[in-house]
Each structure stands twice: as structure tokens, then as C-alpha cells.
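Here's a structure for you.
The values are calculated or read from the model by the stated rules, or taken from the named source; none is laboratory data. Given the structure is predicted, the values throughout are model-derived calculations rather than measurements. Cβ placement follows ideal geometry from the backbone for every residue including glycine, while neighbour counts extend to all protein chains displayed.
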Amino acid sequence: MTTKDPRPPAMFIAGDPSLDFLNSIGTPADKVVEWLEDGEDLMAWLQQAELLPPGVAATMRANCFPAELDAVTAQARVLREWFRAFIFKHKGHALGRDALEELEPLNRILERDDAYGAIVARSVERRDGSTNSELEWRTLRRWRTPDSLLLPIARAIANFVTSEDLSRVKSCERSPCTLFFLDRTRGHARRWCSMTLCGNRAKQALHRARIKKHSARRK
Ligand SMILES: [Zn+2]
């Protein structure tokens, strides 16, 4: 079992929210850190991942019992480990139609979505020069039940498996780090979850090993 405090901040280094979700449990240093232990953890993670609109967490707290939010967090962990097995099986090659049957559990979650469309004011950050309109169509969601917290995650996974190239999914090369990321570099050269976290440490370890080998030879 992991301890909740002190924990380092959750990791958002994967280049995609669905892989960041896999990384909500990980071994960034030497021991396992679980960032999704209870309902408060889940809502904090969703907010940091920008998957939960402002105000939803407060509404959830007002309308649900903490035990209900903890229960949906347990479901989120099950979804996470289901997705991890899926990624382990399919990373390294593009997905074909035959994966559809395996994605059925995800479709079961997605069909519960209480989403609706609305015209809203376009935010400044979303003006990309393709239109002069100050209004945009946005898909919003009714956050009526605790398990609606699973929907932005299921949606991120669905987006990922339908739009990203799974041959670019990698896990960090430094043991025991298990973090996944999407290698978006042109030459598929990314090897570490992050340079500061694992890249430098792996290089230092290699350097120490070389010195050791060198001095052993001189003896
Ligand atoms: Zn790493």
C-alpha cells in the first residue's frame, strides 16, 4: 500500500491525457506512488489534466457522499488497469478493426454520457485564425452522478485510440520507472519520461558504470 503524503505532484509528461491517466500510478523515484486513492484525488487529478470544468468538483462534493466518490475512483483504477493491458498488447503497431471487440468495455462507459451541445463564447486561447466568429460549438456534459467523472477519461481514451499512432507509445527506459509517453519526436528518439526525472539519472548511471569498468581494467 502507498502512503498519500508526502507525494510528489502527479505527472503530466505523456503528451496525451489518456497516457497521463496510465501514469497516475507510477514509480518516479524508488517507490510506487498512487495519485488516485480516493474521490478527492480523482477530482484533483481531473482538474490538473484539464478534464474537469471549474465548479464541477464543488457540485460533486455538494451532491455526493465521499464514499460514492471513492467508489467511482475504484472504478477509475479498474479502467486504468484495463487500458494499461490494452496498451501493453497494442503498443508498437497501428490499431486495426479487430481491436473493436476489445474496446467494448470502453463503449459501455461512453454510452452513459449525458453530453449535449451548446453555443458558447469562443475563448481567446481557442482563436486560431481559421474563423472570425466569436462564438463556437462546444460539447458540454451534465455532471449528475458520481460516475460521470469517468466520462472525460473514457472520452480521452477513445480520442487516443481513434486518432493517435500506437506505434509511437513507449515506456520510460529507466528501471523501475514505468511511465508511458507518446513519442512525438521526428526520429522516434525519445527514451525517457522526462530528462530531469529519468534521462539525467540514466546518463549518470551509465557514466558511473563506465568509470567502474575503466578502473577495474586498470587494476
Ligand atoms: Zn522515467
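Considering (1) away from the ligand (no atom under 16 Å from the Cβ); (2) outside any helix (DSSP H, G or I); (3) within 17 Å of the chain's Cα centre (by Cα), say which one residue 161 fails and leave the rest.
(2)
Right, next: Give region 108-146 a look and list any residue that's small (Gly, Ala, Ser) and at pLDDT below 90, or say none.
123, 129, 130, 133 - these are the residues of region 108-146 that are small (Gly, Ala, Ser) and at pLDDT below 90.
Which ones in region 65-118 are surrounded by 14 or more Cβ atoms within 10 Å (Cβ to Cβ) and among the hydroxyl-bearing types (Ser, Thr, Tyr)?
The one that is surrounded by 14 or more Cβ atoms within 10 Å (Cβ to Cβ) and among the hydroxyl-bearing types (Ser, Thr, Tyr): 73.
Name the one entry in 208, 218, 144 that is more than 16 Å from the ligand (Cβ to nearest atom), within 30 Å of residue 82 (Cα to Cα), surrounded by fewer than 13 Cβ atoms within 10 Å (Cβ to Cβ) and over 23 Å from the mean Cα position of the chain (by Cα).
144
Let me ask another. Consider residue 58 carefully, then state whether it is of a type in the set (Gly, Ala, Ser) and over 14 Å from the mean Cα position of the chain (by Cα).
Answer is yes for this residue.
Could you pull out the residue among 190, 174 that is in a loop (DSSP other than H, G, I, E, B) and more than 8 Å from the ligand (Cβ to nearest atom)?
Exactly one residue qualifies, and that residue is 190.
On to the next question. Any residue in region 189-205 that is closer than 13 Å to residue 28 by Cβ sitting within a Cβ distance under 7 Å of a residue that is among the β-branched types (Val, Ile, Thr) and within 10 Å of the ligand (Cβ to nearest atom)? List the pairs, counting only those 6 or more apart or interchain.
193/13; 194/13
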